[in-house]
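Before any comments, here is the structure.
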Amino acid sequence: MTMLAVLVLKSYKELVPRVGLVFILAGGLHNLYMRVSNSCVMDNINFFNLFMFNLADLCITIGLVLVLWRVFIYEQKNFNN
């Protein structure tokens, strides 16, 4: 898994998708650690009694937004050319 992360991170030259992938990887590893150590992933942040999440979920979401943002900017540049 570490080798896959290194290969993916080396394939991107720009900072935004690399940071996004690091966020996704860190959130996934944290959720995996919680699953192995506690046999469940506990949600501990309550958002105005609407929903609960943990910090790893937030990291995965931020990483996904960064990667998708970069993909859409790249597609926009290619579409305009």
Legend entry - Scope the stretch 25-52; condition at pLDDT 85 or above and of a type in the set (Phe, Trp, Tyr); matching residues: Tyr33, Phe48
Legend entry - Among (1) exposed (fewer than 12 other Cβ atoms within 10 Å of the Cβ); (2) modelled with pLDDT under 85; (3) basic (Lys, Arg) - the single one Arg18 does not satisfy: (1)
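The values are calculated or read from the model by the stated rules, or taken from the named source; none is laboratory data. Predicted model only: the values in this text are computed from it and were never measured. Neighbour counts are summed over all protein chains in view; Cβ atoms, including those assigned to glycine, are modelled from backbone coordinates with ideal geometry.
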